[in-house]
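Asker: Structure below; questions to follow.
The values are calculated or read from the model by the stated rules, or taken from the named source; none is laboratory data. Worth saying up front: this structure is predicted, and the values here are computed from it rather than measured. Note that we place each Cβ from the backbone using ideal geometry, even for glycine, and neighbour counts take in every protein chain shown. Accessible surface areas use protein heavy atoms only, side chains included; no ligands, DNA or RNA. Shrake-Rupley method; radii C 1.70, N 1.55, O 1.52, S 1.80 Å.
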Amino acid sequence: MALKTTHMAQEDLFKKLIAHCKEYGYVFPSSEIYDGLGAVYDYGQYGVELKNNIKKYWWDSMVLLHENIVGIDSAIFMHPTIWKASGHVDAFNDPLIDNRDSKKRYRADVLIEEELAKIEGKIEKEVDKARNRFGESFDEGQFRATNARVLESQTKWDELHNRFAEALNNSDLVELKQIIEDNGIVCPISGTRNWTDVRQFNLMFSTDMGSTADGALKIYLRPETAQGIFVNYLNVQKSGRMKIPFGIAQIGKAFRNEIVARQFIFRMREFEQMELQFFVRPGTELDWFEKWKVLRIKWHQALGFGNENYRFHVHEKLAHYANAAVDIEYKFPFGFKEVEGIHSRTDYDLSQHQKFSGKKIQYFDPELNESYVPFVVETSIGVDRMFLQIISASYHEEIVEDANGQKDTRVVLRLPAPLAPVKLAVMPLIKKDGLPEKAREIIEELKFDFNCQYDEKDSIGKRYRRQDAIGTPFCVTVDPETAGDNTVTIRYRDTMLQERVQIGQLREIILNQVGFRKLFNQLN
Ligand code: ATP
C-alpha cells in the first residue's frame, strides 16, 4: 500500500480544516442558525474532548509536575478598580485603521507586521531557489550574507522593522499611518490606499452589575486571567504556606473586543487562557524567564509536530509592565504566529494592587530576612490557539491504494494519542452472530479508562475512515474468530497496520500510547 501526503496550497488547507472541524463535530460557528456572531465559536462533541485534553496536558504539566505550583479558579467578574490598577482601563488598546472604500477595519500594527512577513517570504523564496540550484554544496549563511537581492530585501526589512518598533514604543499613531502610506500598503479587500487616520480602541467589554436603582457598578469581562491570580496572591501564599519561588496556575475564559477577528479560532472575542504566574525574588526574574522559555518550548515540541515549526519571537514593543517578553510562534497554514507569550512582568502588578487597594502585598523572605514585593514571570497560552495549532498540524490528506490498486484519498487527523477525543472504536465485523454483544462487552470493560466508541454501521473500511477523520488512534474489530479464541484485530490509525491480539492485552497496548506519561517524560 503506497502512502503519500498530498501537497495543497496553504490557503486551501486552512479552508478545508475549518470545514472539517464543522463536519466532524469539532468547532461550530456560534449561534449559527441566526447567521453566527463575529469571532465567537462553539466546540462540538469532539472539540470539547480535545480541548479538555489540552487543558489537562497543560494543567498537569504545571500542577502535578511542580511541587511549588498550585492552581486556582477565580471569578470572571472582578472589582472594577482591578482594571484601573492593572493599566487595562487606560492602556489596553489596539491601533485601528479603516479603509474608506471597503469599509473594512484593520489593526494598523497587524497590517505592518504582514508587510514585514511578505519581505521575509521573499527572502525565504530566494534562499529556497538557491538551495535547489546548488544542492548539497549550498552554504545558506554565505548566501544570505552576499546575495544582492537578499541583502536588498533584508535592508528594507530592517528599516521598516526599526521604524515600526519606534512608532509602537512611542504610541505614535500618526507615524503608524505614515508607515502604512510610505510602504504602499493596500487594503486586501478593495486594493486601495484610501485609509482613515489611526485611532486607539480599548478592547475590554463592559457590563453593569446590579440594578440601576441602587447605582449599578460598571464592571469588565476580564481580558486576561492573570489579574485573578495577582489579587489572590496573598490568599494562596498564606493558606498554602508557599515559599518563593512558587507559581499559581489558572485556566479560564477571557474576553477581548478584537477589532479584526479573522482566521477562525485564532483570534476570538471570547476565548480561554492557561496562565501561570511564577513569583520570584527580585533580581532573579530574568534567569527564571530563561528557564520558563526552555520549559515551555519543550512542552510544545513534545507533541512531535516538528521542532522546526516553532520559533521564538522577541517583542517589538514591551508592554508597560514588562522588562522582557518573547512569544512562542508556530507555523500555522497562514504563517508563523503567536501561540504563547512569556513575559517578565516585574513587580508591576502586585505593586499596583498594593497601591490601589491599600493592602500590603509582600513576601517575607526568611533567607534574606527581608520583605519585598515579588517579581513575576508569566507564561500565557490560549487554549483555542493551541487547539488550532494541533488541528493544523494533525490534518493530513493521503493518497492510499487498496489491494486492487484503486487510489483513494484518506483524511486523517494524526492527533497525539493522549489528546485524541476518542481513544478507541470497537466494531463488530457484522451485525449478528453475537458479535455486537462481544463488542459491547469490550467497551464495558475499557470505558472506565478510555473514551470508547461503538460503531456497527457501514462497511468496515468506511468505519475506519470515519475514525481516521476524527483522529481515533485505535480501531478494534470483533469477528467470528473472536468468540473462539478471544482475539480481536487492532488497527493503528497512523500506519493502518493491523494486528491480532488477545482482548486481555488491549488495555495495556492502548494505555501505553494514550497516557500522558510519555509526553511528561520529555519535559525534564
Ligand atoms: P495578539 O498579539 O495575537 O493579539 P497578545 O500578544 O495580545 O496576542 P497575550 O495578551 O500575550 O496576547 O495573550 C496570551 C495568549 O492568549 C496569546 O498567546 C494567545 O494564545 C491567547 N490569545 C490572546 N488573544 C486571543 C484571542 N483574541 N483569541 C484567541 N486567543 C487569544
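Here is a yes/no grid of residues against (1) within 15 Å of the ligand (Cβ to nearest atom); (2) farther than 26 Å from GLY335 by Cβ; (3) at pLDDT 95 or above; (4) not assigned by TED's automatic domain parsing to the domain that holds GLY358:
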{"position": "GLN10", "(1), (2), (3), (4)": "no, no, no, no"}
{"position": "PHE14", "(1), (2), (3), (4)": "no, no, no, no"}
{"position": "VAL27", "(1), (2), (3), (4)": "yes, no, yes, no"}
{"position": "TYR34", "(1), (2), (3), (4)": "no, yes, yes, no"}
{"position": "GLY71", "(1), (2), (3), (4)": "no, yes, yes, no"}
{"position": "SER74", "(1), (2), (3), (4)": "no, yes, yes, no"}
{"position": "HIS79", "(1), (2), (3), (4)": "no, yes, yes, no"}
{"position": "ASP109", "(1), (2), (3), (4)": "yes, no, no, yes"}
{"position": "GLU113", "(1), (2), (3), (4)": "yes, no, no, yes"}
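Asker: Shifting gears a bit: Within segment 171-211, which residues are among the hydrophobic types (A, V, I, L, M, F, W, C) and either closer than 30 Å to LEU221 by Cα or in the same structural domain as PRO80 (by TED's automatic domain parsing) (or both)?
Answerer: Of everything in segment 171-211, those that are among the hydrophobic types (A, V, I, L, M, F, W, C) and either closer than 30 Å to LEU221 by Cα or in the same structural domain as PRO80 (by TED's automatic domain parsing) (or both) turn out to be LEU173, LEU176, VAL198, PHE201, LEU203, MET204, PHE205, MET209.
Asker: If you don't mind, another one. Applying the selection to segment 502-516, what residues are more than 25 Å from ASN53 (Cβ to Cβ) and in contact with a Ser or Thr (Cβ under 9 Å, 6 or more places away or on another chain)?
Answerer: GLN502, ILE503
Asker: Looking at ASP158, ASP101, can you tell me which residue is open to solvent by less than 70 Å² (accessible area, probe 1.4 Å) and among the acidic types (Asp, Glu)?
Answerer: Testing whether each residue is open to solvent by less than 70 Å² (accessible area, probe 1.4 Å) and among the acidic types (Asp, Glu) leaves just ASP158.
Asker: Applying the selection to segment 261-300, what residues are more than 23 Å from PRO374 (Cα to Cα), near the ligand (Cβ under 9 Å from one of its atoms) and of a type in the set (A, V, I, L, M, F, W, C)?
Answerer: Those that are more than 23 Å from PRO374 (Cα to Cα), near the ligand (Cβ under 9 Å from one of its atoms) and of a type in the set (A, V, I, L, M, F, W, C): ALA261, ILE265, PHE266, MET268, PHE271.
Asker: Could you tell me which of the residues PHE14, PHE28 is touching a strand residue (DSSP E or B) at 6+ places or on another chain (Cβ under 7 Å) and over 15 Å from ILE229 (Cα atoms)?
Answerer: Exactly one residue qualifies, and that residue is PHE28.
Asker: Regarding segment 338-354, can at least one residue be identified that is charged (D, E, K, R), within 13 Å of the ligand (Cβ to nearest atom) and modelled with pLDDT under 95?
Answerer: Taking segment 338-354 as the starting set, the residues that turn out to be charged (D, E, K, R) are 338, 340, 345, 347, 349.
Still in the running and within 13 Å of the ligand (Cβ to nearest atom): 338, 340, 345.
With the extra rule that they be modelled with pLDDT under 95, the set shrinks to none.
Scanning segment 338-354, I find no residue that is charged (D, E, K, R), within 13 Å of the ligand (Cβ to nearest atom) and modelled with pLDDT under 95, so the answer is no.
Asker: If you don't mind, another one. What are the residue pairs meeting all of these: first residue in segment 126-142, first residue within 19 Å of SER153 (Cβ to Cβ) and without any contact (Cβ under 8 Å) to a residue 12 or more places away in the chain, second residue open to solvent by 70 Å² or more (accessible area, probe 1.4 Å) and assigned to a helix (DSSP H, G or I), Cβ atoms under 7 Å, and 6 or more apart or on different chains?
Answerer: From segment 126-142, the pairs are PHE138/ARG131.
Asker: May I pose another question? Cβ-Cβ below 7 Å, separation at least six or inter-chain, first residue in segment 364-385 and assigned to a helix (DSSP H, G or I), second within 16 Å of the ligand (Cβ to nearest atom) and of a type in the set (Asp, Glu): which pairs?
Answerer: VAL383/GLU272; ASP384/GLU272
Asker: Still on this structure: Kindly state which helices (runs of 4 or more DSSP H) lie completely within segment 409-524 and contain at least 2 residues that are open to solvent by less than 80 Å² (accessible area, probe 1.4 Å) and in contact with a Phe, Trp or Tyr (Cβ under 8 Å, 6 or more places away or on another chain). Steps first, answer last, please.
Answerer: On the way: elements: 435-446, 460-470, 480-485, 506-514, 517-521.
The helices (runs of 4 or more DSSP H) meeting that bar are 435-446, 460-470, 506-514.
Here's the yes/no breakdown for (1) more than 30 Å from LYS253 (Cα to Cα); (2) over 32 Å from the mean Cα position of the chain (by Cα); (3) open to solvent by 60 Å² or more (accessible area, probe 1.4 Å); (4) modelled with pLDDT of 95 or more:
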position: GLN142; (1), (2), (3), (4): yes, yes, yes, no
position: ALA167; (1), (2), (3), (4): yes, no, no, no
position: ILE179; (1), (2), (3), (4): yes, no, no, yes
position: ASP182; (1), (2), (3), (4): yes, yes, yes, yes
position: ILE189; (1), (2), (3), (4): yes, no, yes, no
position: THR196; (1), (2), (3), (4): yes, yes, no, yes
position: GLN200; (1), (2), (3), (4): no, no, yes, no
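Asker: Is segment 375-395 home to any residue that is in the same structural domain as SER86 (by TED's automatic domain parsing) and exposed (fewer than 15 other Cβ atoms within 10 Å of the Cβ)?
Answerer: Checking segment 375-395: not a single residue is in the same structural domain as SER86 (by TED's automatic domain parsing) and exposed (fewer than 15 other Cβ atoms within 10 Å of the Cβ).
Asker: Out of segment 69-82, which residues are under 25 Å from the mean Cα position of the chain (by Cα) and not small (Gly, Ala, Ser)?
Answerer: Of everything in segment 69-82, those that are under 25 Å from the mean Cα position of the chain (by Cα) and not small (Gly, Ala, Ser) turn out to be ILE69, VAL70, ILE72, ASP73, ILE76, PHE77.
Asker: Got a sec? Which helices (runs of 4 or more DSSP H) wholly within segment 72-145 have at least 3 residues that are hydrophobic (A, V, I, L, M, F, W, C)?
Answerer: In segment 72-145, 81-85, 108-134 are the helices (runs of 4 or more DSSP H) which contain 3 or more residues that are hydrophobic (A, V, I, L, M, F, W, C).
Asker: Could you list, in sequence order, the residues of segment 208-234 that are more than 14 Å from the ligand (Cβ to nearest atom), surrounded by 12 or more Cβ atoms within 10 Å (Cβ to Cβ) and among the polar types (S, T, N, Q)?
Answerer: ASN232
Asker: I'd like to check something: does segment 225-235 contain any residue that is under 16 Å from ARG345 (Cβ atoms), touching a His at 6+ places or on another chain (Cβ under 7 Å) and among the hydrophobic types (A, V, I, L, M, F, W, C)?
Answerer: Looking only at segment 225-235, we keep the residues that are under 16 Å from ARG345 (Cβ atoms), and these are 225-233.
Narrowing the set further to residues that are touching a His at 6+ places or on another chain (Cβ under 7 Å) leaves 230-231.
Now narrow it down to the ones that are among the hydrophobic types (A, V, I, L, M, F, W, C): 230-231.
So far as segment 225-235 goes, yes, one or more of its residues are under 16 Å from ARG345 (Cβ atoms), touching a His at 6+ places or on another chain (Cβ under 7 Å) and among the hydrophobic types (A, V, I, L, M, F, W, C).
Asker: Could you grab me the full set of residues in segment 323-337 that are of a type in the set (Lys, Arg) and either in a loop (DSSP other than H, G, I, E, B) or away from the ligand (no atom under 13 Å from the Cβ) (or both)?
Answerer: Quick first cut of segment 323-337, residues of a type in the set (Lys, Arg) only: 331, 337.
Result: LYS331, single match.
Asker: Here's something else I'd like to know. Go through segment 211-251 and give me each residue that's free of Cβ contacts under 8 Å to residues at least 12 places away in the same chain and either of a type outside the set (Lys, Arg) or assigned to a helix (DSSP H, G or I) (or both).
Answerer: SER211, THR212, ALA213, ASP214, GLY215, ALA216, ASN235, LYS238, SER239
Asker: For segment 338-360, which positions are of a type in the set (A, V, I, L, M, F, W, C) and either open to solvent by less than 50 Å² (accessible area, probe 1.4 Å) or closer than 23 Å to TRP288 by Cα (or both)? Even if it seems obvious, please write down each step before you answer.
Answerer: As a first pass, look at segment 338-360 and keep what is of a type in the set (A, V, I, L, M, F, W, C): 339, 342, 350, 356.
Residues satisfying the conditions are VAL339, ILE342, LEU350.
Asker: Among the residues of segment 41-70, what is the count of those that are over 24 Å from ALA393 (Cβ atoms) and open to solvent by 20 Å² or more (accessible area, probe 1.4 Å)?
Answerer: 6
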